[in-house]
Structures are given as C-alpha cells and as structure tokens.
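For reference, the structure is listed below as structure tokens.
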Amino acid sequence: MKKKFRLSVWQFLAVGYLIVIFMGSVLLILPFATAEGESTSYLNALFTSTSATCVTGLAPYDTGTHWTLFGQIVILLLIQTGGLGFMTFVSIMFIIIGRNMGLENKHLIMASSGGKLSGVSGLVKRIVIGSAIFEALGAILLSVRFVPDLGWGRGIYFAVFHSVSAFCNAGFDIMGMNGWASLSHYATDPLVTLTIAGLIIMGGLGFCVWGDVIDCRFRFKKYQLNTKVVLIMSLILLLAGTALFLGFEWNNPLYADYNFGEKLLVSVFNSVTPRTAGFYVTNPADFSDSGYVVTIMLMFIGGASGSTAGGLKVGTFAVIIMGMIGVFRGNRDINIGKKRIEYSLLSQALAIFAACLMLLMIATLSICAIEGGDADFKSALFECVSALGTVGISLNVPHGAGIINFTATLKPASEVIIIILMYAGRVGILTLAFALAKKRTSTGVRMPVDSLLIG
C-alpha cells in the first residue's frame, strides 16, 4: 500500500504563498485591471502580485496610473493577505464557519506568527483586531491631510490604501495619480510622515510582541526575552539610523531647503522606511555614499520575526552580535541580559545570515551579467537587498531621455531573479530550507571529530 503524501508545516506555508501569488497574477492580467492606454504582460502581473503578496513594493509600473481601481484593490488585498500572513486568513475562515482549527493548523499558525500553541485562537483574533485598529487609526489621521488636499472620495481612498500599505510594510503607493514621487510631497509634514512611520514601526514589531506588551500591562521587566530584544534593537536601529542620516546628509542638496526640525523629521523617516516599508520622502538615488550604505544595512537587517516586515530580522541580528561577543570573550554560554540561549540558535542565525549573503551575491552578479551595460553594481545590489528584505525601494536611474526606477528597466530574466528574492524574503530562508529538505532518520552514527584553522 502506497504511503499517503502529506505536506509538512513548512511546505504548506511555502505553497500557500505561491497559490496566493498566482491567483493575484491571474486577476491582474485581466483586461479591466489595467488602465486604458496601458498594457500588462503576464510576467509583470506576476512580478506585481509577488511584490504585493510578499509586502515588498517593487513595481515595474506606477501603481497609481497603470492600474484601474479594480487592479489597485487586488493589490491592496494581496498586501493585506501577505502582511497578516497566509495562515492567518486560513484560520479566519475556520473561525467564520465555526470549525475547530485542529492541531496541525495550530502548528502552522505558530510557525508563521511565532505564537504559542496553547493560545493560537486568541493570537489570530489579536492579529485581526489589532491590525484593524492600527490601520483604521492610520487612515483617520491620514484623512485629516488627504481629504483637504484631494477631496472626500479620493482623500479617504488614499488614506486607507496608504495606511494598509504602511502597516503591512508593503511600500506600495498611488501618489503617481497626482504626479508625486512616493511621499515626497509630504516630506516635511509631521502628520503624514510620523503617521506612516508609526504604522511601519507597529507592523514591524510583530504580533506576538504586541500581545506580550498588553499581557504584561507595559511592565518591561515582565516581558519575554524576545519582546525585550525586539524593542531594544528596534529603538537602537531607529536612533542610530536617524543620527547617521542626519550627519551624513546634513550638507546634501537633498536637505538644503530644510531647517533643523525638518532635517530631523526626514532623517527619522529615512531611518524607519528601509525596515522594511519602501516609501520615501527624499530620493534614495541622491543619498551620499554613506547614506546609501546605511540604507543597505537597515534593509538587510529588517524588522522582527512574526511581523509584517522582512529582512534578516532583528532577533537574528541580536543573536549573531551576542554570539560574536561571547566567542571573543571566551564565554562558554551566550548570555542576553539574565538569560542564556542555546548555541543551536546561534548556528541557525549564522546559517540564515550566510544564506542571505550568498543569495545576494549570486543575484547581484547574475543581474549585472544579464543587464550588461544597462545596470551598474550600485543599483543592482540595492535592488537585490530591497527584494530579499521585502523593502521595495528602488534607485532611479537614467533611461532613454528621462529618469526611471531601476525595477522598470529590468529584463525578463532579471525580473524572475527579483521575484525569487521577494518570495524567499517573505516566506523566510529557514522556512524554505525546511520545506525543501528531505526527512531523514537518525542512524545514531556520528563522524569522528577533526579541526580546521579559522580566523
């Protein structure tokens, strides 16, 4: 009798995102999804669907002018699905029809959101309710500015679209409908920039972090280690990024017309959005070389695990840093505060780090080879990090008689590479590794120990 084939938890998650991506591409290729006078190839529809589902924001077309209202709503639904997680929507369906999720589905939720098995149903409800509250509050605040500028109908629509896109760390914007480049029109407007930045931060902290903060009633000492690390690392990266942008870009023509308060506001936004939202208020192509490197680093690190953000993840980065410090000090254990973490966690963190670096090197090299003289290394590397980190920022490059974002200049083969990076960045390197790995039974036999020279 043949053994029944069953997908593992990791395979189910990986396949689930693929299903959503292909469904989205089918909807976007429909004639009424594209604005009159525009044309959409299937590859670009697939690219856009992948970018939206993987909450990245890279786009071969301007979202505000290329797509009809139907197309934009499809993109928004894909963003919401990808932001909250595929398994969250599966669980919502179980709750709606009144069925028990079952142990296997609970394991899937735990794997995708980082929750505890015993509290999965509560976690799903918190994710949905919390997301709705933040997105609604963001939309209300943005409406205060957008309605007077754009009118009631368009103003409310813009507010809702950008609130969902910001909270889900997607970075898609429809400002092109007004001839504006992302949020540059509101660069010095505290209401818009701080609202968008706040939504990005809340989405990037992670659903389990919110729950722990609420359960512990904002008492820091009672937080779980993961919550403490995420909050502290996020604050450090925010402050360090702001200070570096303020210092490196102070004399940049980008900041020339700003007073100190406006420079500080813009620097805060420039520090927040690479982790991992994709909006911008100042053109990243005009950053100094130092600002470029800071942006690359922030995009690579990303947000928290179990959140709407992508990247290496702040928890992974913290484990690597603390492991490095422990090794250099000759410590037997890796200590974070008053807690000790297993070396196996450091091994996983280093494996993810190495895999990300290898993917970026191979992808950047491949795109430079495919594009030939049409792509410089700086733009190609930026695009690849942005894709793997599910950020969505792209550098503007000369093209023909004008300037266009680098994504729109890519050849089909390069687009496929970026699609793979976006997918890997959202699903997760570790999830993909477990999904592709074959199950092996331990024989109990271990190889003899030897050594290598390192350092």
Put in order of increasing Cβ neighbours within 10 Å, starting from the fewest, CYS356, CYS208, CYS168 give CYS356, CYS208, CYS168
In debye to the nearest 20, how big a dipole does the stretch 293-355 give about its Cα centre with +1 on each Lys and Arg Cβ and -1 on each Asp and Glu Cβ? 220
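Counting only helical runs of four or more DSSP H residues, what would the 222 nm mean residue ellipticity of the chain come to if each run contributes -39,500 (n - 2.57) and the total is spread over all its residues? Let's see the in-between values first.
Numbers: 18 runs with 278 residues, N = 455.
Result for the chain, helices only: -20000 deg cm²/dmol.
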Top positive-direction residue, dipole computed over the stretch 322-389 with Cβ charges, set CYS384, GLY323, ALA354: GLY323
Per residue and in Å³, how big is the convex hull formed by the alpha-carbon atoms of the stretch 219-317? 100
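Placing unit charges on C-beta atoms (Lys and Arg positive, Asp and Glu negative, everything else neutral), compute the dipole magnitude of the chain about its Cα centre in debye, rounded to 20. Before the final figure, lay out the partial values.
Numbers: 31 positive and 23 negative charges, 578 e Å.
Roughly 2780 debye for the chain.
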Over 27 Å (Cα to Cα) - which of LYS222/LYS313; LYS125/LYS222; LYS263/LYS338; LYS313/LYS411; LYS125/LYS339 fall in this group: LYS263/LYS338; LYS313/LYS411; LYS125/LYS339
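For an R0 of 25 angstrom, estimate the FRET efficiency from the Cβ-Cβ distance between LEU194 and SER290 and round to the nearest 0.05. All intermediate terms of the calculation are to be shown ahead of the outcome.
Values: r = 25 Å, r/R0 = 1.00.
It comes out at approximately 0.50.
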Summed over the other residues with a beta carbon less than 11 angstrom from that of TYR223, with K and R at +1 and D and E at -1, the charge totals +3
Taking the alpha-carbon centre of each part, the distance from the stretch 196-273 to the stretch 349-391 in Å is 26
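Looking at the chain from every direction and averaging, what is the projected area of its Cα convex hull in nm²? Please report the intermediate quantities before stating the final value.
Working: hull surface 107.0 nm².
Result: 26.8 nm².
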Going out from 0 in 5 Å bins, what whole percent of all Cα-Cα distances in the stretch 121-212 drops into each bin? 3, 14, 24, 25, 15, 9, 6, 3, 1
Relative contact order of the chain: what whole-number percent is it, with Cα pairs under 8 angstrom and at least 6 residues apart? 18
Residues other than LEU246 with Cβ under 13 Å of its Cβ, Lys/Arg counted +1 and Asp/Glu -1, net out at -1
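A short reminder: the numbers here are calculations on the coordinates, not readings from a lab. Quick caveat, the model's predicted, so the values are computed rather than measured. Counting neighbours? That spans all protein chains shown, and the Cβs are built from the backbone with ideal geometry, glycine included.
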